[in-house]
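Each reported figure results from applying straightforward, stated rules to the coordinates on display, with no laboratory input. Everything numeric here is computed off the predicted structure, so don't read it as measured data. Glycine gets a Cβ as well: all are built from the backbone with ideal geometry, and neighbour counts include every protein chain shown.
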Amino acid sequence: MYSVLVCAAFALIVAFGGVALEFYAWGWAILFSVVLFLVSWILLARRFGMKLQPAMARVQKQMEAGMFEPAMQSLEAMLPMAKWVPMLRGQLLANMGVLAYHGGNKERAVELLEGASVRAADARLMLACIHHKNGNPDRALEILALTSKVARKHPLLHNTYAWLLNKADKGGEAQAVLAAFLKKNDTNQATKDNLLRLQNRQRMSMQTFDMQWYALGLEQPPQAMGQVRRARKGFREPPKSKQRQQKRKKG
C-alpha cells in the first residue's frame, strides 16, 4: 500500500536524519520513527476518510433507489483510492459483486466476489451460494469454511454452511459447525433449533432468517411470501375474483 510506504519512508528519513546530524542517539531514532509513522498514518487516514465517507453515502443512496449502474460506477471511481487505503479494495469488490449479481450479471459477480475481502461475510456467503447453484459444492464449502473462521458472529453464514454440509450428507460436520457457533453465541435461538433438528435427523429450518435466506437462492420462498412480493410497492394486487374477470374479458 502506498500509504504504508509513504508513512514509513517519512518516519525513517526524519527520525534517522537526526542521528546523521548527531542530534540524538540510535535509541531515540527508533522511538521517533515509530511515533512519526503512527502520527503520519493517522493524518493520512483521516484525509482519505473525508473523501470516502461522502462517496460511500452516495453509493448507499443509489443502491436504496435501485440505481445499480450509477452505484457501480461510483464504486469503480473509488478503486484508485484502494492503493492508499488498506483493505478498501476487498470491500469495494464485495459491494460491486453484490450489485452485479442483483443486476443479473452472474459471471461478472463471481469474478468480483472472488476478490472480495474475507471479512465481507455477506459477499462471501453470496459467492458460496452461487458456486453451489452452479454445481460446484466443494468450492462453496471451501469458501464458507474460511469465512466462518473470520465472521464468527454471523448466524446466517454459519447456518447456511451447516445447511450445505447437511445437504452433502455431512450431518456430523454440520452439527459441529453449529455447536462451535453456539459456544460463542449461545443466545441464538435459530441455531439452537437447527442443531436440535440435525441431532434428531430432521431437516434444518431456515425460515427464521426470512428474506435474507431466500435472497441467496438456495430455497424458494413460501407461496404466500411470493404473492406479497409480486405486488409493486405502494400498490395492492386485485382480488383473485377480479383477476379472473379481467382474464375472461381479455380472452
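Grab the Cα-Cα distance for E219 and R46, subtract it from 0.36 nm times how many residues apart they are, and report the gain in nm with one decimal. Spell out each step's value before the answer.
Details: separation 173, 0.36 × 173 = 62.28 nm, distance 4.36 nm.
Gain in length upon complete extension: 57.9 nm.
Mind giving me the FRET efficiency for V118 and Q202? R0 is 51 Å, r the Cβ-Cβ distance, nearest 0.05 is fine. Intermediate results must be reported in sequence, preceding the final value.
Values: r = 32 Å, r/R0 = 0.63.
Once rounded, the FRET efficiency stands at 0.95.
I need L127, L88, L198 ordered by Cβ neighbour count within 10 Å, fewest first. Please report the intermediate quantities before stating the final value.
On the way: L127 26, L88 18, L198 23.
The order, fewest Cβ neighbours first, is L88, L198, L127.
Suppose R0 equals 22 Å. What FRET efficiency, 1/(1 + (r/R0)^6) with r the Cβ-Cβ distance, do A77 and K133 give to the nearest 0.05? Walk me through the intermediate numbers first.
Values: r = 31 Å, r/R0 = 1.41.
About 0.10, to the nearest 0.05.
Averaged over all directions, how much area does the convex hull of the C-alpha atoms of region 72-157 cover when projected, in nm²? The partial results should precede the final answer.
Details: hull surface 22.6 nm².
Answer in nm², one decimal: 5.6.
Quick one: Cα centre-to-centre distance for region 186-208 and region 91-142, in angstrom?
Between the Cα centres of region 186-208 and region 91-142 lies a distance of 26 Å.
Hey, rough spin-label estimate for H102 and D210, points 7 angstrom out along Cα→Cβ, what's it come to in nanometres?
Simple spin-label model gives 1.6 nm for this pair.
Which FRET efficiency value, to the nearest 0.05, is calculated for K153 and V35 with the Förster distance at 35 angstrom and r the Cβ-Cβ distance? If you can, show how the numbers build up before the last one.
Numbers: r = 35 Å, r/R0 = 0.99.
Efficiency computed from Cβ-Cβ geometry: 0.50.
Report the Stokes-Einstein translational diffusion coefficient (µm² s⁻¹, integer) for region 124-193, Rh taken as the Kirkwood radius over Cα pairs, at 37 °C with viscosity 0.692 mPa s. Spell out each step's value before the answer.
On the way: Rh = 11.9 Å.
Approximately 276 µm²/s, per Stokes-Einstein.
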